[in-house]
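Enquirer: For reference, the structure I am asking about is given below.
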Amino acid sequence: MDYRVTKYESHKLKKIKISKNILIRKIRKKHPRAHNFYSLVRCEYKNEFMEVYNNKCAYCGVSLDLIPKRMFEIDHFVNEKSARFKNGCRRNKNGMSNLVLSCYDCNRKKTNFDIDKQIEYILHGDYEKVKNIFHRNPKDYSIEIGNIAIFTTIQQDIIRDFYNTLMLGNYIHRLDYLLMSMRALADRLSSCKEMTSNEHSTLLHCIDILQRKRNRF
């Protein structure tokens, strides 16, 4: 299961690449010669880009339910200043495949992290492999590194550095997961009418208290 989603929202963060291609086609209808997707997405299509990621950070999974829209940013997965874009490299640093949705905190922590080519498609949030690298501990909701023995020693070191740089093991991500689970559960029980209005109000009140405490951190 994807570590960025709760068991009550298992449909989230699927088919990101397909959704991105749909957005590319939409952008090209208005901007047929578009090359710098970063500027276009940030200025004109941020809402649509966020929807591609179901309004969740591609790294830690925090959602728009917990933090405001302004706290989400468009991140260059491979650092735009990376040496990989020099020496006549044909790859477009501002291409859609190099853009991911990130919360403010993850984007700031990752700023200078260099993504090596051999590890890119393992850690990239758009692909399936990252779901096998990081796991959500069901007991305390922490994000943990899974079994990475199949990778080379260098790749294992990069995975650990990535995990530590973004501080994915930080307690705030445990609280976020708890809050997202509580919200999703409240929505599900409410829609199924499996709780009274008083019970629903009490649950929402608890969520509100936790969220206010969370946003003070």
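Enquirer: Which number do you get for Rg(Cα) / (2.2 N^0.38 Å) in the range 30-108?
Expert: In units of the globular-protein estimate, the range 30-108 measures up at 1.14.
Enquirer: Could you compute the longest span of the chain free of trypsin sites (Lys or Arg not before Pro) located in DSSP loops and having at most 14 other Cβ atoms within 10 Å, not counting the site residues?
Expert: My reading of the result: 140-192 is the longest stretch.
Enquirer: Rg/Rh for the range 21-63 to two decimals, with Rh computed the Kirkwood way over all alpha-carbon pairs.
Expert: 1.02
Enquirer: Excluding Q211 itself, calculate the net charge of residues whose Cβ lies under 12 Å from the Cβ of Q211, where each Lys or Arg counts +1 and each Asp or Glu counts -1.
Expert: +2
Enquirer: Provide the per residue accessible area, probe 1.4 Å, for the range 1-116, rounded to a whole number of square angstrom.
Expert: 54
Enquirer: Could you calculate the FRET efficiency of A149 with K7 from 1/(1 + (r/R0)^6), where r is the beta carbon distance between them and R0 is 25 Å, rounded to 0.05?
Expert: It comes to 0.40.
Enquirer: Tell me the net charge near I154. Cut-off is 14 Å between Cβ atoms, I154 excluded, with +1 for each Lys or Arg and -1 for each Asp or Glu.
Expert: Result for the local shell: -3.
Enquirer: With respect to the cross-link table entries K7/K29; K26/K139; K20/K213; K20/K139; K131/K213, which display a Cα-Cα separation exceeding 32 Å?
Expert: Distance filter (> 32 Å) returns K7/K29; K26/K139; K20/K213; K20/K139.
Enquirer: Then there is this: Please report the orientation-averaged projected area of the range 129-217, defined via the convex hull of its C-alpha atoms, in nm².
Expert: Quarter of the Cα hull surface area: 7.4 nm².
Enquirer: Out of the total accessible area of the chain (probe 1.4 Å, heavy atoms of protein only), what percent is carbon and sulfur?
Expert: In the chain, the share of accessible area belonging to carbon and sulfur is 50 percent.
Enquirer: Suppose each label sits 7 Å from its Cα in the direction of the beta carbon; what would the N21-D140 distance come out to in nanometres?
Expert: 4.2
Enquirer: On to the next question. Using only helices, what value at 222 nm comes out for the chain when you add -39,500 (n - 2.57) per DSSP H run of length 4 or more and divide by the total residues, to the nearest 500 deg cm²/dmol?
Expert: Using -39500 (n - 2.57) per qualifying helix, the result is -13500 deg cm²/dmol.
Enquirer: Which length gain, in nm to one decimal place, applies between S191 and R70 when the Cα-Cα distance is subtracted from 0.36 nm times their residue separation?
Expert: 40.6 nm
Enquirer: What stretch of the chain, leaving out the sites themselves, is the longest with no GluC sites (Glu not before Pro) in a DSSP loop having at most 15 other Cβ atoms within 10 Å?
Expert: Longest run free of exposed loop sites: 129-193.
Enquirer: Looking only at Cα atoms, what is the convex hull volume of the chain per residue, in Å³?
Expert: 135
Enquirer: Along its principal axes, what span do the Cα atoms of the range 68-184 show, with the longest given first and each in whole Å?
Expert: 49, 38, 21 Å, listed from the longest principal axis down.
Enquirer: For the range 104-159 and the range 1-53, what is the centre-to-centre distance using only Cα atoms, to the nearest Å?
Expert: If you average the Cα positions of each part, the centres end up 21 Å apart.
The values are calculated or read from the model by the stated rules, or taken from the named source; none is laboratory data. All values reported here derive from a predicted model rather than from experimental measurement. Glycine gets a Cβ as well: all are built from the backbone with ideal geometry, and neighbour counts include every protein chain shown. Just the protein is used for accessible areas: all its heavy atoms, side chains included, with ligands, DNA and RNA removed. Shrake-Rupley method; radii C 1.70, N 1.55, O 1.52, S 1.80 Å.
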